[in-house]
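Here is the structure we will look at.
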Amino acid sequence: YYPWDHLLYEGEYYSYYGIAPVIMLFLPYHLITDYYFPSVWAVWLFGVLGIFFLTKFYLCFADKFFKKIPASLILIGFIIMQMSTGVFLCYFTPNFYEIAQNSGFLFTTAGAYFLISSNVIGDGKIKNYRIALAAFCLSMGVLSRPTLAIYAIASLLFIYAGFKKKKASYEKGSKAKYYSPYFCCALLPFVILGSVQMLYNYARFGNPFDFGIQYSLT
């Protein structure tokens, strides 16, 4: 006998998924009520919020770069995108695995929305607080499922694009004061939550760089 989607390490079972759903929902709920939050409702909640932020991201992207596209085509694209996410499949078996799937979906779509709406690309003044929210959400996505780190890495390209945009508008004054708020908002959430992930890895496997990848590869 063995629990599904767990790994065996030195005689004990562990989840190879991250702790974001626990620290954001399950642990606070348990501490307040002394009950456990139902996994069915957790999968539903993360999925609905993820769909909401995916919608916000799509509409923001369309408004930025495809203003002249007919609304009918925007609507068709919206329907195709929503139906192809696969998030609805998680509702049929709302168990442990689907909690990690949908929480990762939520944080990744929220990160994508805040990143694109921060104006690091396209027109408009760069909004540092939205970049900070994007970095936080994408980091939480990694804390949901380590494989989502690829999206956090991809976001660095957008952050670099924002730096180039700010550089083009730089005129005079202290460069440190000009650039510091931007890079603090863009990178500090990655550093802080990345450190949390590494501490968690060390607590589980004795190595801050071990994500349980040996189990995943098998």
Which of the chymotrypsin sites (Phe, Trp or Tyr not before Pro) found in the range 104-203 are loop residues per DSSP with 12 or fewer other Cβ atoms within 10 Å of their Cβ?
Tyr170
On a straight-distance basis, which lysines could pair with Lys175 in a cross-link, Cα separation under 27 angstrom, same-chain partners fewer than 8 positions away excluded?
Lys125, Lys127, Lys164, Lys165, Lys166, Lys167
Given a 1.4 Å probe and every protein chain left where it sits, what share in percent of the accessible area of the range 118-182 is carbon and sulfur?
65 percent
Starting from a Cα-only point model with no solvent, please compute log10 I(q)/I(0) by Debye for the chain at q = 0.08, 0.19 1/Å.
-0.35, -1.39
How do Asp210, Asp63, Asp123, Asp34 rank by accessible surface area computed with a 1.4 Å probe, from largest to smallest?
Asp123, Asp34, Asp63, Asp210
Considering only protein heavy atoms, what per residue accessible area in square angstrom results for the chain with a 1.4 angstrom probe?
60 Å²
Can you pull a Stokes-Einstein diffusion coefficient for the range 108-215 at 4 °C (1.567 mPa s), Rh from Kirkwood over Cα pairs, as a whole number of µm²/s?
88 µm²/s
Hits among aspartates and glutamates - C-alpha to C-alpha of Lys56 under 20 Å, sequence gap 8 or more where chains match:
Asp123
Derived scalar couplings ³J(HN,Hα) [the range 147-161; Karplus, 6.51 cos²θ - 1.76 cosθ + 1.60; whole Hz; x for Gly, Pro]
5, 6, 4, 4, 6, 5, 5, 4, 5, 4, 5, 5, 5, 5, 4
Using a 1.4 Å probe on heavy atoms of the protein chains only, the accessible area for Met81 in Å², nearest 10, reads 40 Å²
Spherically averaged projected area of the range 1-122 from its Cα convex hull (nm²)
10.4 nm²
To check my understanding: the extent here is largest minus smallest coordinate of the Cα atoms along each principal axis. What are those three numbers for the range 25-95, in Å, largest first?
53, 24, 12
For the range 70-137, run through the trypsin sites (Lys or Arg not before Pro) and keep only the ones in DSSP coil with at most 12 other Cβ atoms within 10 Å of their Cβ.
Lys125
Which trypsin sites (Lys or Arg not before Pro) in the range 27-103 pass both tests, a DSSP loop state and at most 14 other beta-carbon atoms within 10 Å?
Lys67, Lys68
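The values are calculated or read from the model by the stated rules, or taken from the named source; none is laboratory data. In this text the structure is predicted, and so the values were computed from the model without any measurement. Don't worry about glycine lacking a Cβ; one is built from the backbone with ideal geometry, like all the others, and counts go over all protein chains shown. The protein model used for the area step is the full one, side chains on, heavy atoms only, and it has no ligands, DNA or RNA in it. Shrake-Rupley method; radii C 1.70, N 1.55, O 1.52, S 1.80 Å.
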